[in-house]
1. If you filter the stretch 105-146 for chymotrypsin sites (Phe, Trp or Tyr not before Pro), then keep DSSP loop positions with at most 13 other Cβ within 10 Å, what is left?
2. So, with a 1.4 angstrom probe, what is the percent of accessible area on the stretch 101-221 that is carbon and sulfur?
3. Just the number: Rg to Rh for the stretch 209-255, Cα atoms, Kirkwood Rh, two decimals.
4. As a quick test, which of the pairs LYS81/LYS158; LYS63/LYS158; LYS131/LYS158; LYS242/LYS330; LYS81/LYS242; LYS158/LYS344 have an alpha carbon distance above 27 angstrom in this structure?
5. Tabulate in residue order the Karplus-calculated ³J(HN,Hα) for the stretch 142-159, using 6.51 cos²θ - 1.76 cosθ + 1.60 with θ = phi - 60°, rounded to whole Hz; enter x for Gly and Pro.
6. Rounding to the nearest 20 debye, state how big the charge dipole of the stretch 226-283 is about its Cα centre with +1 on each Lys and Arg Cβ and -1 on each Asp and Glu Cβ.
7. Taking N as the number of residues in the stretch 132-235, what value does Rg over Cα atoms divided by 2.2 N^0.38 Å take?
Amino acid sequence: MVLGIQHQRLAEHQQRLGAVEEQAQKIERQVASLRTTLDNPFGFDAIIGRAPKFVAVVEDARKVAVTNTTVLLTGESGTGKEVLALAIHQASPRADGPFIALNCAALPETLVESELFGHERGAFTGADRLKRGRFELAGGGTLFLDEIGELTVAVQAKLLRVLQERRYERVGGTTTLKADVRLIAATNSDLERGVAEGRFREDLYYRLGVFRIHLPALRERGEDVLLLADHFVRELGAKMGKLEPGLNREARDLLLAHSWPGNIRELQNAIERALILAQGELIAAEHLGLARRPRDEAVPATAPAVTAPAVAAPPTDTATSTLIIAEQEKRLIVEALRRTGGNKTRAAAALGLSPTQLLRRIRRFGLDRQSV
């Protein structure tokens, strides 16, 4: 009898030791992930570069990764917000959990709530089965909400409630579910302006902005563009089965001179195009298909990344400047659509935009109601 109790206690003790060892190994993996992922958040050494602004971004990401704090990533389209969000997740205590991403602008307004919170069978027409939402799928991990500024005010209110109470119900359901997620949100729009104009809830803005990280535009990163370009030459060249041709001096000068309104996405597109045209030879400036636009020229956050001639500096009058910028953007979109035969996916890629961003601009300029 006594021997049996001793064996049982020994087994329990070994079980506890096993649990402690497992937890220790998990912590070691998280520490290793923190060192490697945030030392190299985009999967290659070149992305960190030498620019002080981006070095500061990585340092902030390191500090917040080990917490459970909500993070708001801001910056122009194409600066790598989702990739940094994934790096933060992989260096966090939730690294073993899922990383679930949702582009808030990519879905119709009627489906956003269902995508976020899920729905019960029969909740609405077409809901023929239970659907788990992104909050549920991200349980124990990280939920990344991109373009959060595109959410309607009604959905914003429901999101705020979830963040405050950490509980929610599926659409059409009554069972309360726990929101066990770490939220990282991102936007390329001015949320403060949205708050001032009544398009974004002030209380949600402050709830999301507990820890803000702003990703600098590529044109603000100096010679980092050359490090990135060399990386894309190696990576894309390998995928395309091409040798690494390298970049000649004129190509490098052009890369440094270009203002990169489409940021890293535009650079990647330019290198891919150049690899195709160079046919294994040294990449020259003409292979890149870039305009020689002065690097210090002001570029709006929504400006498309396309080849276009440099334009004269706009007048100082704000209203007039806005009209000129909008007209130039519209012209570039029309040009891209014509070059691609109306193929919006290809046009978006050429502009350095996502298809959703291009569609929004097409509607804004009324191009969906006229032949282009």
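1. Filter output for the stretch 105-146: PHE124.
2. 45
3. With Rg and the Kirkwood Rh in hand, the quotient comes to 1.16.
4. Exceeds cut-off: LYS63/LYS158; LYS242/LYS330; LYS81/LYS242; LYS158/LYS344.
5. Values per residue, Gly and Pro as x: 10, 10, 10, 10, 8, 6, 5, x, 8, 5, 6, 4, 5, 5, 4, 4, 5, 5 Hz.
6. Using Cβ point charges on Lys, Arg, Asp and Glu, the stretch 226-283 gives about 100 debye.
7. For the stretch 132-235, the normalised Cα radius of gyration is 1.38.
The values are calculated or read from the model by the stated rules, or taken from the named source; none is laboratory data. Nothing here was measured: the structure is a model prediction, and the numbers come from that model. All Cβ positions, even for glycine, are placed from backbone atoms using ideal geometry, and neighbour counts span all protein chains on display. Protein only, heavy atoms only, side chains kept; ligands, DNA and RNA dropped before computing areas. Shrake-Rupley method; radii C 1.70, N 1.55, O 1.52, S 1.80 Å.
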